[in-house]
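Following: one structure in structure tokens, then a few remarks.
The values are calculated or read from the model by the stated rules, or taken from the named source; none is laboratory data. Keep in mind the model is a prediction, meaning the values are calculated, not measured. Cβ placement follows ideal geometry from the backbone for every residue including glycine, while neighbour counts extend to all protein chains displayed.
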Amino acid sequence: MYVMPTGMICSGWVKQSPQWNFRHIDVDLDAYIQDALDAIEYAIGDTTTKWGAERAKNGHPAPFPLKYIEIGNEDFGPVYWERYEKIYQALSAKYPDLVYIANSVIRVVGRENDDKRKDIPNFVNPKNVKVFDEHYYNSIEWACEQHYRFDNYKRGVAELFIGELGISGKYPYNLLATGAIRMSIERNGDLNPLFAERPVMRHWDFLEHRIFLPMLINGVDSSVKTSFFYLAKMFRDNTFDVCLDAAIKDIEGLQNIFVTMGYDTASKQYILKLINLQDKKVTLQPEVSGFKRPVKAHKTSLVLVPGKENTPFAPNEVQPVETEVGLDLNQPLELEAASMVVYRFK
């Protein structure tokens, strides 16, 4: 992905006068467009082109696997909607096979829609908004309430991209709460969702005041995989292309136990995912249909403990555990405190 600048600062930080009239500086937008065209040509242009030849000269004659172009980062409002259209027209005319991504509103008090996609009609040509990037920074409670968020999105508008997701709060519950959002994303595969992990890496010496845990912690001579890396890997390694109905029986109050289930046609396996945000072990009854007999399953379990995390000095404190187990979906299941479990079975 290439995120191209639009000559704007993230709109949520820009002065408004009057309200919703963001005071962006004037720029030579044509220069930004030409810079983007040059960058794309460098990435995927034939070696007979100016910038494709430069890429080959620098030791990479084959094109890079560029697929996505995001126009701006956290830009929105009237100025952005106009600039998006002009940039989209220029870039898509030369590179129609690339996928272009638009930004959504964030950090505007009293204006950030519960459904960010309500702003799509405000673009100059809403049909040119092919993919819509939604950034979310919020609390654990908010994340738990979003488990069914994307179920209600109108279809046929724009495809979904979650380019940034940060859940604040006490570790490890903030990390596990991102799973409620991830489950909502994978349950709504007809939106062709994209999800970007962030932050990917940070240096150990600069982590003291960081709210959001990175996937990798880098030291002077090491790179350590964190619990965030392993949770993300459990989702990535256990995708499915057919979503099945699944629920937890007798959930009351704020939901803090989550489940999704699906079928992977490539491996011909069923996949059941469970997350427990409670600070205690629970016994629960999954509600799924069609499984009358116990089965043999491959179980991957990630159990997290407050205050316990991998560091350059203790790189293996937290790791998933994989076992072969019997699974009876007609009987209650035990789920460890602050944990995620994945079952794969036929």
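List of remarks:
- Leading residue by the ranking (surrounded by the fewest Cβ atoms within 10 Å (Cβ to Cβ)) among those in the stretch 42-53 that are part of a helix (DSSP H, G or I) and in contact with a Pro (Cβ under 7 Å, 6 or more places away or on another chain): ALA43
- Residue, nearest to ARG182 (Cα to Cα), within the stretch 295-318, restricted to residues that are in contact with a strand residue (DSSP E or B) (Cβ under 8 Å, 6 or more places away or on another chain) and in a loop (DSSP other than H, G, I, E, B): LEU304
- The number of residues in the stretch 275-332 being touching a residue at least 24 places away in the same chain (Cβ under 8 Å) and touching a Lys or Arg at 6+ places or on another chain (Cβ under 6 Å) comes to 5.
- Search result, residues across the stretch 1-41 that are surrounded by 13 or more Cβ atoms within 10 Å (Cβ to Cβ), free of Cβ contacts under 8 Å to residues at least 12 places away in the same chain and of a type in the set (A, V, I, L, M): VAL14
- Residues in the stretch 18-47 that are among the acidic types (Asp, Glu) and more than 21 Å from TYR80 (Cα to Cα): ASP38, GLU41, ASP46.
- When ARG344 is tested against (1) assigned to a strand (DSSP E or B); (2) exposed (fewer than 13 other Cβ atoms within 10 Å of the Cβ); (3) of a type in the set (Lys, Arg), just one condition goes unmet, and that condition is (2).
- Annotation note: of ASP133, ASP119, the sole residue that is of a type outside the set (Val, Ile, Thr), crowded, with 18+ Cβ neighbours inside 10 Å and under 13 Å from the mean Cα position of the chain (by Cα) is ASP133.
- Taken residue by residue, the stretch 192-202 has no member that is buried (at least 16 other Cβ atoms within 10 Å of the Cβ), among the basic types (Lys, Arg) and assigned to a helix (DSSP H, G or I).
- Any chance THR260 is among the β-branched types (Val, Ile, Thr), closer than 20 Å to LYS299 by Cα and part of a strand (DSSP E or B): yes
- Leading residue by the ranking (nearest to ALA246 (Cα to Cα)) among those in the stretch 124-156 that are out of contact with any strand residue (DSSP E or B) (no Cβ under 9 Å at 6 or more places or on another chain) and assigned to a loop (DSSP other than H, G, I, E, B): TYR148
- Within the stretch 25-60, tally of residues that are among the β-branched types (Val, Ile, Thr) and under 29 Å from MET8 (Cα atoms): 5
- Taking the criterion of being basic (Lys, Arg) and at pLDDT below 90, the only residue of the stretch 226-254 that qualifies is LYS249.
- Look at the stretch 235-246: where a residue is in a loop (DSSP other than H, G, I, E, B) and a partner is of a type in the set (Ser, Thr, Tyr), sitting 6+ places away or on another chain with Cβ atoms under 7 Å, you get PHE240/TYR263; ASP241/THR265; ALA246/THR260.
Yes/no matrix, rows are residues, columns are (1) farther than 27 Å from TYR171 by Cβ; (2) of a type in the set (Phe, Trp, Tyr); (3) touching a helix residue (DSSP H, G or I) at 6+ places or on another chain (Cβ under 8 Å):
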residue	(1), (2), (3)
SER223	no, no, no
VAL242	yes, no, no
VAL259	no, no, yes
LYS268	yes, no, no
LEU272	no, no, no
LYS281	no, no, no
LEU284	no, no, no
SER301	no, no, no
GLU317	no, no, no
